[in-house]
Amino acid sequence: MKLIIIANRLPLKVSKTPGNEFEFVRSEGGLTTGLDSLETDLEKHWVGWPGAIMETKEEEEAVTRHLEEFQFHPVFLSEQQLHLHYEGFSNSTLWPLCHYFNVYTEHDSEYWRGYVEVNRLFCETALKFIEPGDIVWVQDYQLMLLPALLRTEGPAGINIGYFHHIPFPTYELFRVLPQRSELVSGLLGADLIGFHTHDYMRHFVSACERILDLRFTMDHVMLNDRIAYADVFPMGINYTLYNEAPALTEVQEMTLKLKDHYGNNKLILSVDRLDYSKGILHRLKGFRRFLELYPGYIGRVSLVMIIVPSRDTVDSYSELKTKIDETIGAINGQYSQLNWIPVYYFYHGFPFEELVAMYHIADVALVTPLRDGMNLVAKEYVAAKRDKPGVLILSEMAGAAIELNDALIINPYDVEQVAATIHEALEMPLEEQRRRMGVLQRRVAKKTVNHWAKRFIGQLLAIREQNENSSSETIDSTVLTQIHSAYNAAGNRLIILDYDGTLMGFKRRPEDAVPTEALLAQLARLAADPLNRVVISSGRDHLTLENWLGRLPLDMAAEHGAYYKSQGEWVRNIPDEKPWNDEITAILQEFTDRTPRSMIEEKETTLVWHYRNVDAWLASLREQQLVETLIEPCSRQGLQIMRGNKIVEIKSPNHTKGSEARRLLAMDEYDFVLAMGDDTTDEDMFRALPDSAYTIKVGRMSQVARFNLSSQTKVLPFLRVLMSGDSTAV
């Protein structure tokens, strides 16, 4: 079993020297560091772009040979593919949208074409060495289609995880993407989808429910043949690396040089990559406002601003760079003194030792992104302080703010608050600084990047074990042959079939689910066999069932057994009075009035509230509210509340599909029992049947049924195979 990590870039970056030789430089990013330090017995492989465009096949082969020594598998991209996929759809469409900068979002069908093409290239490269039983971990927004591609085209038995390192936006933003359905469907190819915060997870779940009409139960959703999970895994840093670095000789020497250079002035540190999501201009405005409001600090405190170049050839980024330069120039021009400047500005990255030294001596870290998936700078600053006092000012828009709540949390758009909080940080007593920093350090030390990776992989393995131990087996040709053989060998068969969602697909209006000629013909053939007793067990009213199926030679149970038809006659199995009163009817009517596109269906023994056509978020809210509202009056009247497939039912507990199944079993001795259904109500039936029965859940998997048939459209072909034995028909 291997662990295969698929990311946009490999941990080694390839470049050419002036002598036309290849140079391989190790990446030092948080992801690389974290996954390299992951303690596991698994054999690790990486798939990704090597960071350079190859000019010839010979160059590709040479780079591949070198990288595969480290179990790195390169995906080579052309200049056009890189432009369309990375610079285009990934960073000109997804990045701004996910960071709530819709004004910068570009919609270009060529970008999408390139995104699809590159995701397929990653899939093709990975499938060359992925084997059954392997664990595949896909990283980030550049590869959102890849989990579904691997699921569809890869070998059976692989375990797929995906982690989204940037924010997942609200449904109202995400819905503007023409490719919204393909993107969330792509992620649902994974067994486990991870996010930094519960907000991002909540937005993803909302998008799935509204775009794909799925229904999550807490952290998971039942798909046709498996369960997909979403969960929260806040990413950490290599705490030991940053915490111990200030004790290194070279870092101590750099620390002394920096202290000598900056003197006794207080230092506020800002470290960012050039990006509009980082809030750099807002931060500068906040610092300028601080100098205006608290002039006593002029000459005593400086902002050290380190900006790492990024995409500055793109118009929006070059414009941002120009505005930053102008704003810093204006602040320095207005406030500088002969021996002091307010803003020290560095437009380049710092070596690790220098950066750690800056973290160590900075009195305040000012981390104020307008939107950020996590922000590891805040955690690096905390780790590098060691036993020195210091204050972290952190944007509430950063994912890290949820964990680091002993920082001074601010709204980065509020310039006045930024200024006031800088003053608060500088005036904070040393004892309070140490107390807060100690709490932050204990938290960051516990939730490291290794902890993040181990927890994700551990949960992925637990999901695999759970799926392997599932009591529901997918029906394939082998299982079909077994069921057909048992059917042929039997002398007295009981076949119980649900109607809606099993024999017929759901319709927007329940009255439109009229049986097709093909269904009627198949049921007639099944019921014509003298060895078969065929029963349609449904929640529908008996008049509808009689109208649709009454001419067929089969038995029926309506409203979960409140009525049943045997030997051509309907039997009423309930008292004459309806079991609910006007109070319950009024409650359902009120919720229908408050919930557009919902409706009430009143049967003789059951009240049903339908919300199939209601917006997913509103449906989820109203369903919970309705059930809570009904609990007390239904308890008083001895009624049962049942959640079904986009319905809530109120009924007498005396009649269920389980009680109907027990009635049927009591009538005769059967050597073959088969039951099919798609809903929670059908699971009562599955529980009531003997362990030897062939219980089949249609659609989403069940922990109760023995078998699973992935789609309602496969039910009729399955029934044909049951009689004919041709397992290729499904």
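No lab work stands behind these numbers, since they all come straight from the coordinates. Worth saying up front: this structure is predicted, and the values here are computed from it rather than measured. Please note: Cβ atoms are built from the backbone with ideal geometry, for glycine as well, and neighbour counts cover all protein chains shown.
A few notes on this one:
- Whole-angstrom gap from the range 537-582 to the range 625-661, using each part's C-alpha centre: 18 Å
- Spatially proximal lysines relative to Lys285 (Cα-Cα < 25 Å; intrachain offsets below 8 disregarded): Lys266, Lys321, Lys323, Lys379
- The chain - mean residue ellipticity at 222 nm from DSSP helices (-39,500 (n - 2.57) per run, n ≥ 4, rounded to 500): -12500 deg cm²/dmol
- Each of Thr585, Cys634, Gln624 was scored by the projection of its Cα onto the charge dipole of the range 582-651, and the greatest displacement toward the positive side belongs to Gln624; charges sit on the C-beta of Lys, Arg, Asp and Glu.
- Label zone at Arg175 (point 7 Å along Cα-to-Cβ), backbone N below 17 Å, the range 567-604: 595-598
- Taking every DSSP beta bridge that has both ends in the range 596-730, the antiparallel portion is near 65%.
- Contact order, relative form, for the range 2-232: 16 percent (alpha carbon pairs under 8 Å, 6 or more residues apart, mean separation divided by residue count).
- All Cα pairs of the chain, percent lying beyond 33 Å: 60 percent
- Rg/Rh for the range 2-232 (Cα atoms only, Rh after Kirkwood) is 0.97.
- Close amide-amide hydrogen proximity is noted between Ile409 and Leu394, each under 5 Å apart and 5 or more residues distant or on a separate chain (H modeled in the peptide plane; Pro and chain starts excluded).
- The phi torsions of the range 664-670, fed into the Karplus equation with coefficients 6.51, -1.76 and 1.60 and a -60° offset, translate into couplings of 5, 5, 6, 7, 6, 9, 10 Hz, rounded to whole numbers, with Gly and Pro shown as x.
- DSSP-defined antiparallel bridges as percent of all bridges, the range 239-446, nearest 5: 5 percent
- Packing-based exposure ordering (other Cβ within 10 Å, fewest first) of Thr125, Thr605: Thr125, Thr605
- Linear extension gain, Glu468 paired with Glu106, 0.36 nm per residue minus alpha-carbon span: 126.0 nm
- Sorted ascending by nearby beta carbons within 10 Å, beginning with the fewest, Thr17, Thr595 become Thr17, Thr595.
- Lysines with Cα under 20 Å of Lys259, excluding same-chain neighbours fewer than 8 positions away: Lys385, Lys388
- For Phe506, the residues 5 or more places off, or on other chains, whose built amide H falls under 5 Å of its own are Gly501.
- Proximal lysines relative to Lys13, as straight alpha-carbon distance under 21 Å, when same-chain residues fewer than 8 apart are discounted: Lys44, Lys57
- Pairs of Cα atoms farther than 13 Å apart, the range 464-517, %: 75 percent
- Derived scalar couplings between HN and Hα for the range 631-637 equal 4, 5, x, 5, 5, 4, 9 Hz in order, rounded to whole Hz, by the Karplus curve 6.51 cos²θ - 1.76 cosθ + 1.60 (θ = phi - 60°), x for Gly and Pro.
- Under a 5 Å amide H cut-off, with hydrogens placed 1.01 Å from N, Ala228 pairs with Val221, Leu223 among residues at least 5 apart or on other chains.
- Of all DSSP bridge pairs formed entirely within the chain, close to 30 percent run antiparallel.
- Sites matching GluC sites (Glu not before Pro) across the range 519-600 that sit in DSSP coil, with at most 11 neighbouring C-beta atoms within 10 Å: Glu577
- Coupling constants for the range 196-202 follow from the phi torsions by the Karplus curve (6.51 cos²θ - 1.76 cosθ + 1.60, θ = phi - 60°), and in residue order they are 6, 9, 5, 4, 5, 4, 4 Hz; glycine and proline get x.
- Label-to-label distance, nm, for residues given as Asn224 and Glu124 (7 Å Cα→Cβ offset): 2.6 nm
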